Amino acid sequence: MPAIKSLRAKEILDAQGNPALHLALWVDSGEVVETSIPNGIRHYPTQANNLYDQDPHHMGGKGVQKAVLLINQTLAPQIVGQDPTQQEQIDQLLLKLDGTNNKAQVGANSMTAISQAVLKAGAAVSGLQPYDYIAQKYQLTDHFQIPVCLYGLVNGGQYGAGNLDIQEFLIIPASHSDFRVSLEIESAIKNELQKVLKEKGANYATGELGGFAPFLQKNTDVFEFIVEAARKTPYILARDFFFGIDAGASQLQDKGKYTLKDKNNGLTSSELREYYKDLQKNYSLTYFEDPFIAKDAQEWQQLTAELGQAARIASDIPTASNPQLVQQAVAQQTANTLVVKPSQIGTLTETFSAVRIAREAGWNIVVSQRTGETNDDFLADFAVGIGAEFIKLGPVSRGESVAKYNRLADIYLALENNNQEGTAMSEPTQTNIPQPTDAPAADAAPDQNQAQNQNQGQASAAQPQAPVDDALKPPASSGQPAQPSQPAQPATNQQPTGGQTPAPTSQPSINDEVSLAGTAGNNPTTNPEPDINPSGNPAVNPAAGSQPVVNQPAANQPAQAGEAQMPSPTEAPINTPPAAAPMAPVQGGETQNNPAQPSADEEQASAADTQKAIDSTLEEIGAQPNAGAAASTPQPMATEQSAADSSQPAVENN
């Protein structure tokens, strides 16, 4: 079996210039992977704790040298020798070593770095791309699709210039749009919006997440300006794109009421719900993220009941990717969409469990970036591998976001090739990381400065099988595993797949444009909501909608021997290594290839030695040793008061 040979953590910088964790992992069979973990901007009690230095003399107390030392000195010896395909086993070891209910000892950032690197290593030794490995191992989707992108064109709230209340103003391309068309929509509207803001004399500097942060009179002015910008493009509201918001409601509360510039007086929870309903009616909003603080559970339920058929009500802070909190939200019916951020909870095993719970409840999944992102592009593979309907990476304007969009584009081309050629696709990427001093020098390793190049899969003629976690497998309906490469089935309330129509020469009002859904000749639709299954995407359903132009042999005319098939002029050539063989689930769960189990006395002695080593390292770096910490349980639901009074450093939110 493959075994982890070495791992080494170091401190790098995130998109905000704050320290973040980077981890490189070596496998004895020669594979090398690296990963980096993003930071948030604010901490809430529902989220697991990160391990930060809190040293005012180093990076304002936000350094992660303690986490680096803990990983390199104490956690690494526990991970070395483990099989990287045994994800759940390694994650459970990390949880056991921490032993607290909120990752207070090891830190969620330390755990996520190791867990994420282990998954990449498991994919690499299996000869699969991470998205394919995730899909086959966890069976959370039966088809591949490129998620619908939620583009945050305008930043407000804690991410803006203090002028707008709402945290993010999103445009959402219609689900029938091809991924490349989706990028065209974002680019066209963003460029025209910048011109409009300049013409109106509004500030168009960028906010924390890369969107515009204009000075406007009202929150609704953002929608007006975007529609004005869209009139100068071929794209029409409620036909080609829709609006959404991340309200960031915890930032709106003041003395028990929600404050908005659109209203003179503070709003009660029920009045804010009516405000959202007006937005949905007047501006065709189909996505509301964190519309209320967590304690307003009744308003969450009411908004979901009233708008849930036409819009996604998405939970981020109240659930924090925590399986137990997701289960509570599902039982209370407080939302219909889950926002997933793996670094919020600590291990990927916990993240996959949260996704499975939401899936079984019929919820949609949104994979989201954090405020302090890195160039790691793992989120793209993660989103495709779990079959997420949406992904939120910000506007296509900053390096950390562009790295992930580029990875989505690579996956798009790979899936397109797979659908056209009918063969599995794997694209190993070679990078060079210098070996640590304790790792054998004979193994090739990638460059540490290329953190965004995470595609470490290596195809081979005979691929090892990777077992499926028993605890994460769906209820078995047959003896055959799901086949991720099958096309998606169209949803019942699907968007029309007709071609795009140029914008009319007259300048209709916003309400006129929203009502175009019912106007003949303009792609009428009965439900102005982006479909969760983008059937027009050839990566999902090559027979539906218009497909990108690709040169290929005519029907029943295979290419002659030695004749290379050329890509279209707009596409870069991609190398196609030998197809990776599908992984078959290993019977009996993740216990195969495990050595003989130690006796109870030996296990107890080993655990005691391990705990002493961890306590010694924690004491050395100034953290509190673990003294009988409670088993892992979910944190209480966040409230405005508890978030404000939290003793944890304000370093986490998005």
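Summary table
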quantity	calculated
Number of positions in the range 291-314 that are open to solvent by 10 Å² or more (accessible area, probe 1.4 Å) and outside any strand (DSSP E or B)	15
Unique match (being open to solvent by 20 Å² or more (accessible area, probe 1.4 Å) and touching a residue at least 40 places away in the same chain (Cβ under 8 Å)) among Gly157, Gly211	Gly157
Qualifying positions in the range 6-35 - open to solvent by 10 Å² or more (accessible area, probe 1.4 Å) and touching an Asp or Glu at 6+ places or on another chain (Cβ under 6 Å)	Ala15, Gly30
The range 315-328, subset open to solvent by 10 Å² or more (accessible area, probe 1.4 Å) and in a helix (DSSP H, G or I), residue nearest to Pro38 (Cα to Cα)	Pro323
Single residue of the range 166-189 satisfying the filter (modelled with pLDDT of 95 or more and open to solvent by 20 Å² or more (accessible area, probe 1.4 Å)) that is nearest to Gly211 (Cα to Cα)	Ser187
Breaking point among (1) within 29 Å of the chain's Cα centre (by Cα); (2) on the phi < 0 side of the Ramachandran plot, for Ala202	(1)
Residue in the range 336-345 that is closer than 15 Å to Met111 by Cβ, among the charged types (D, E, K, R) and open to solvent by less than 20 Å² (accessible area, probe 1.4 Å) present	yes
Residue among Thr220, Thr206 that is farther than 23 Å from Thr286 by Cα, of a type in the set (S, T, N, Q) and out of contact with any Phe, Trp or Tyr (no Cβ under 6 Å at 6 or more places or on another chain)	Thr206
Qualifying residue in the range 270-278 (condition: modelled with pLDDT of 95 or more, aromatic (Phe, Trp, Tyr) and within 23 Å of the chain's Cα centre (by Cα))	no
Any hit, the range 220-239, residues being touching a residue at least 12 places away in the same chain (Cβ under 8 Å), open to solvent by 10 Å² or more (accessible area, probe 1.4 Å) and among the aromatic types (Phe, Trp, Tyr)	yes
Selection within the range 355-394 - part of a loop (DSSP other than H, G, I, E, B), in contact with a strand residue (DSSP E or B) (Cβ under 6 Å, 6 or more places away or on another chain), crowded, with 23+ Cβ neighbours inside 10 Å and not charged (D, E, K, R)	Thr374, Ala388, Gly394
Test set (1) within 20 Å of Leu393 (Cβ to Cβ); (2) touching a residue at least 12 places away in the same chain (Cβ under 8 Å) - Asn203 fails condition number	(1)
Tally of residues being of a type in the set (A, V, I, L, M, F, W, C) and open to solvent by 20 Å² or more (accessible area, probe 1.4 Å) across the range 265-290	0
Residue within the range 264-271 that is on the phi < 0 side of the Ramachandran plot, of a type in the set (Val, Ile, Thr) and in contact (Cβ under 8 Å) with a residue 40 or more places away in the chain present	no
Scope the range 237-258; condition more than 26 Å from Ser368 (Cα to Cα) and either part of a strand (DSSP E or B) or of a type in the set (Val, Ile, Thr) (or both); matching residues	Asp254, Lys257
Hits in the range 137-154 - residues which are of a type outside the set (A, V, I, L, M) and open to solvent by less than 10 Å² (accessible area, probe 1.4 Å)	Lys137, Tyr138, Gln145, Pro147, Cys149, Tyr151, Gly152
Condition check for Val64: touching an Asp or Glu at 6+ places or on another chain (Cβ under 8 Å) and either over 22 Å from Leu325 (Cα atoms) or open to solvent by less than 10 Å² (accessible area, probe 1.4 Å) (or both)	yes
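The values are calculated or read from the model by the stated rules, or taken from the named source; none is laboratory data. Quick caveat, the model's predicted, so the values are computed rather than measured. Quick reminder, even Gly has a Cβ in these numbers, built from the backbone with ideal geometry, and neighbours come from all protein chains shown. Each accessible area value is taken on the protein alone, full model and side chains, heavy atoms only, with ligands, DNA and RNA left out. Shrake-Rupley method; radii C 1.70, N 1.55, O 1.52, S 1.80 Å.
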